[in-house]
Amino acid sequence: MSTPVAVVLSELQQATLRALVDTFAPEVAVDDDPAGFWARKASDLGIDVAIAQQLSSGVVPEDQLEGMRQLLDGLRAEGFDEAPQAAREAIVHGFMDADPGALAGLSGLRSLTFLLFYAIPDPTTGRNPNWETIGYPGPRAAPPSADAAPKTIPLVRPVGDTLTLIADAVVVGSGSGGGVIAGKLAAAGQEVVVLEAGGYYNESDFNQLELWAYEHLYRAGGVAQTAEGQVALMTGANLGGGSTINWSNCLRTSDWVREEWERDHGLEGLAGPQFDRHLDEVSARIGVTTDCSDDNGPNQRLREGADKLGMSHRRIARNADAGSYDADLSGLSGFGDVTGAKLGTLKTYLQDAADAGARFVVNCRVDRVLVEGGRAAGVEGTYLDAEGRLARVVVRAPRVVVAAGALDTPALLLRSSIGGPAAGDYLRLHPATAVIGIYDEPQRAWWGPPQSALSDEHRDLADGYGYLIETGHASPGVTGITMPWETGRQHKEDMARGPFTSALIVVLRDRGHGRVTIDGAGNPVHTYPLSDGMDQAHFRHGLMTLARMHEAAGAQELLSTHRKRQHWVRGSEESIDAYARRIHDAPLSPFEHMTFSAHHMGSARMGTDPKTSVAGPFGELHDTPGVWIGDGSAFPTASGTNPMLTIMALAHRTAEAIAAT
């Protein structure tokens, strides 16, 4: 018997919500509309109903629901429901300009509208009806059968109310760090238990649908953000973690960062051949190669723009099996790699651990670390699977590796009252943004690896801090969110030029930092003010560089991701330098600019000072022997490079230290 869905909106509020989503994505009158795109409004796809169901799901706090009700009531009081399209657009902009709370609420509803409008599949065809017009081909291969792609890691499932396991080591999290440590400890003969908050999926499940991936493979449905709305946060939550859904960019840790971590934070051996060995061994195990780095249009534009501006650029190496690699399907790998070519921890270190006898429990949120006599004694968690089966999980072990990711690792420490005063502090995010270029020729951004080229010309603008220029994954829902909305017609017109669009992104090495705390229920709360003066200067410098690179590569039009649309057209009176200055000067405050992060680091960092670090130079907590940090939380500062390989190499180093205890 199903549980009835709570009703959180009145009929009048639901009607206003319907009018609002249809204001964002309206019917637009055009002469030629063969795919029905221009006539299709958001409510035709049930977007208003889907958002109401999300609001009723229980995941939205009551105070936010009440704010949403008040917002909808306020719109209705202005005559919003009956107003014509242009008047409704003016009302929305007026509300967003006048009140920060309304700006936050309307930004959230706008994002949900476009995510669903451009990504929700038709239940009959499995395809979104807007894809034809925006030039997105969607899924291009049927997943292999379960027999052809078997799940080769056995799982332990509770059979009663409590599952109790005994081990030499328990690893919380199975991503780039936890997976490596599990594999190394199991290979060394230790009894290992791996607990993963997400589920177990492989290529037999990877249907290449964006929304399915966010729901099943990403943390918080792929739509989390920092508490003040400054940064959107995306990271994996599945067996394999981020290594299952990241873009396979295998950058080695920069020499000056390694020197800094050894010199200033006491991480001995980081600057020399000892850490080279860890990088080399990890790279060999995950198959790092440049043989699977074909350039799509955006990566070609990056190279062309860099060449014409005299900037450095290079091909990136990726962790991929050349025998299984398919350039076309690689463009969908952020939704899970249906070919099985991606050599994340699921295919490598976790399989090594399973082959050596490690036990795995998925769908298990670890609530606290057990401490007895001042030392690690195990963990306690909650199992909840898709069928609603609930059980308590207890693992007794003298070694606890916390590798839940930099967004969640410090929350576990804080719930357990361990880690010291630095637990949760020094959160780095590599803030990122894009400038969108519209070209004369098709860009095929959905083909080939999301990233195959980068420019590190500006990696060191001051004191080892700067940024990288890279490209991104073609994701129609996220593109809909990212594309500035001024009017419903304009947004559709910009989306309809998708086949000719390339986005270049700037990835900042941030000196400033945020913090992870917990709320009354023990859930993590992430705050991150992009307020450091150097970071702001470098971020704005990066925006200017992106604009100039696009112009040099031949873009005809440019758009930044500011809320108030910053548009440039080649041949207009505005020079590219003037436009670059315009987006440089535009606001970066929450909801006024789209800033995102896929790299999370530093919130339980290593170091020698217990006042400013959580763990010692090899990862063991200062205040709780037997508890180790095994993920990107351990970074003393931001790495300045895509962090997967650095996380894995540090985890490899930490695993050897644990095995020696």
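Look at the stretch 321-330 and say how many of its residues are among the hydrophobic types (A, V, I, L, M, F, W, C) and either open to solvent by less than 10 Å² (accessible area, probe 1.4 Å) or out of contact with any strand residue (DSSP E or B) (no Cβ under 9 Å at 6 or more places or on another chain) (or both).
Of all residues in the stretch 321-330, those among the hydrophobic types (A, V, I, L, M, F, W, C) come to 322, 327, 329.
Still in the running and either open to solvent by less than 10 Å² (accessible area, probe 1.4 Å) or out of contact with any strand residue (DSSP E or B) (no Cβ under 9 Å at 6 or more places or on another chain) (or both): 327, 329.
Looking only at that region, the number is 2.
In the stretch 505-527, the residues that are among the charged types (D, E, K, R) reach residues that are open to solvent by 10 Å² or more (accessible area, probe 1.4 Å) and in a strand (DSSP E or B) with C-beta atoms within less than 6 angstrom, at least six apart or across chains, in these pairs: R509/Y465; D510/R428; R511/Y465; R515/D425; R515/T527; D519/V525. As a summary of the residue check, T382 satisfies the conditions (1) outside any loop (DSSP other than H, G, I, E, B); (2) touching a residue at least 24 places away in the same chain (Cβ under 8 Å) except for the one numbered (2). Whenever a residue of the stretch 401-425 is in contact (Cβ under 8 Å) with a residue 24 or more places away in the chain, its partners that are hydroxyl-bearing (S, T, Y) and in a strand (DSSP E or B), lying with C-beta atoms within less than 6 angstrom and at least six residues away or across chains, give the pairs G424/T517.
Could you please let me know if A186 is of a type in the set (A, V, I, L, M, F, W, C) and out of contact with any Lys or Arg (no Cβ under 7 Å at 6 or more places or on another chain)? Full working, then the answer.
Working: of a type in the set (A, V, I, L, M, F, W, C): yes; out of contact with any Lys or Arg (no Cβ under 7 Å at 6 or more places or on another chain): yes.
Answer is yes for this residue.
The one condition from (1) under 22 Å from G198 (Cα atoms); (2) among the hydrophobic types (A, V, I, L, M, F, W, C); (3) touching a strand residue (DSSP E or B) at 6+ places or on another chain (Cβ under 6 Å); (4) not in a loop (DSSP other than H, G, I, E, B) that A404 does not meet is (4). Of the set (1) over 19 Å from A197 (Cα atoms); (2) surrounded by fewer than 22 Cβ atoms within 10 Å (Cβ to Cβ), all apply to R359 but (1).
Would you mind listing the helices (runs of 4 or more DSSP H) fully within the stretch 176-266 where at least 3 residues are acidic (D, E), touching a helix residue (DSSP H, G or I) at 6+ places or on another chain (Cβ under 8 Å) and open to solvent by less than 20 Å² (accessible area, probe 1.4 Å)?
Details: elements: 176-187, 210-217, 242-245, 255-265.
Of the helices (runs of 4 or more DSSP H) lying wholly inside the stretch 176-266, none has at least 3 residues that are acidic (D, E), touching a helix residue (DSSP H, G or I) at 6+ places or on another chain (Cβ under 8 Å) and open to solvent by less than 20 Å² (accessible area, probe 1.4 Å).
What tally of residues in the stretch 572-610 results from selecting those that are closer than 30 Å to M644 by Cβ, in contact (Cβ under 8 Å) with a residue 12 or more places away in the chain and charged (D, E, K, R)? Residues in the stretch 572-610 being closer than 30 Å to M644 by Cβ, in contact (Cβ under 8 Å) with a residue 12 or more places away in the chain and charged (D, E, K, R): 1 in total. Considering (1) on the phi > 0 side of the Ramachandran plot; (2) open to solvent by less than 10 Å² (accessible area, probe 1.4 Å), the lone condition that T409 does not fulfil carries the number (1). Tell me which residues, restricted to the stretch 64-106, are within 16 Å of Q54 (Cα to Cα) and open to solvent by 10 Å² or more (accessible area, probe 1.4 Å). Q64, L65, E66, G67, M68, R69, G105, listed by residue number.
Could you check the stretch 386-403 and list, in sequence order, the residues that are under 23 Å from G179 (Cβ atoms) and either crowded, with 22+ Cβ neighbours inside 10 Å or at pLDDT below 95 (or both)?
So the first thing to find is which residues in the stretch 386-403 are under 23 Å from G179 (Cβ atoms), and the list is 386, 393-403.
Those that are under 23 Å from G179 (Cβ atoms) and either crowded, with 22+ Cβ neighbours inside 10 Å or at pLDDT below 95 (or both): A386, V393, V395, A397, R399, V400, V401, V402, A403.
Taking the condition closer than 29 Å to G222 by Cα, modelled with pLDDT of 95 or more and either β-branched (V, I, T) or in contact with a Ser or Thr (Cβ under 6 Å, 6 or more places away or on another chain) (or both), does T646 pass? Yes, satisfied. Being over 22 Å from the mean Cα position of the chain (by Cα) and closer than 18 Å to H473 by Cβ holds for only one residue in A341, A327, A356, A322, and it is A327. When T289 is tested against (1) touching a residue at least 12 places away in the same chain (Cβ under 8 Å); (2) buried (at least 18 other Cβ atoms within 10 Å of the Cβ), just one condition goes unmet, and that condition is (2). A count restricted to the stretch 424-456 and to residues that are part of a loop (DSSP other than H, G, I, E, B) and not small (G, A, S) stands at 15.
Evaluation of Y465 against the conditions (1) touching a strand residue (DSSP E or B) at 6+ places or on another chain (Cβ under 7 Å); (2) open to solvent by 10 Å² or more (accessible area, probe 1.4 Å) shows that the sole unmet condition is (1). Within the bounds of the stretch 471-492, is there any residue that is without any contact (Cβ under 8 Å) to a residue 12 or more places away in the chain and either open to solvent by less than 50 Å² (accessible area, probe 1.4 Å) or out of contact with any strand residue (DSSP E or B) (no Cβ under 7 Å at 6 or more places or on another chain) (or both)? No; the residues of the stretch 471-492 include none that is without any contact (Cβ under 8 Å) to a residue 12 or more places away in the chain and either open to solvent by less than 50 Å² (accessible area, probe 1.4 Å) or out of contact with any strand residue (DSSP E or B) (no Cβ under 7 Å at 6 or more places or on another chain) (or both). None of A50, A29 is open to solvent by less than 30 Å² (accessible area, probe 1.4 Å) and closer than 30 Å to R497 by Cβ except A50.
For the stretch 331-343, indicate whether the set of residues that are free of Cβ contacts under 8 Å to residues at least 60 places away in the same chain, crowded, with 17+ Cβ neighbours inside 10 Å and of a type outside the set (S, T, Y) is non-empty. Yes, because at least one residue in the stretch 331-343 is free of Cβ contacts under 8 Å to residues at least 60 places away in the same chain, crowded, with 17+ Cβ neighbours inside 10 Å and of a type outside the set (S, T, Y). For the stretch 267-286, taking the residues that are free of Cβ contacts under 8 Å to residues at least 24 places away in the same chain and among the hydrophobic types (A, V, I, L, M, F, W, C), the one that is surrounded by the most Cβ atoms within 10 Å (Cβ to Cβ) is identified as L270.
Given the criteria among the aliphatic types (A, V, I, L, M), part of a loop (DSSP other than H, G, I, E, B) and in contact with a helix residue (DSSP H, G or I) (Cβ under 7 Å, 6 or more places away or on another chain), does L279 qualify? No.
The values are calculated or read from the model by the stated rules, or taken from the named source; none is laboratory data. Because the structure is a prediction, the values reported are computed rather than measured. In this analysis, Cβ positions are derived from the backbone assuming ideal geometry, glycine residues included, and neighbour counts consider all displayed protein chains. Ligands, DNA and RNA are excluded from the accessible area calculation, which covers all protein heavy atoms including side chains. Shrake-Rupley method; radii C 1.70, N 1.55, O 1.52, S 1.80 Å.
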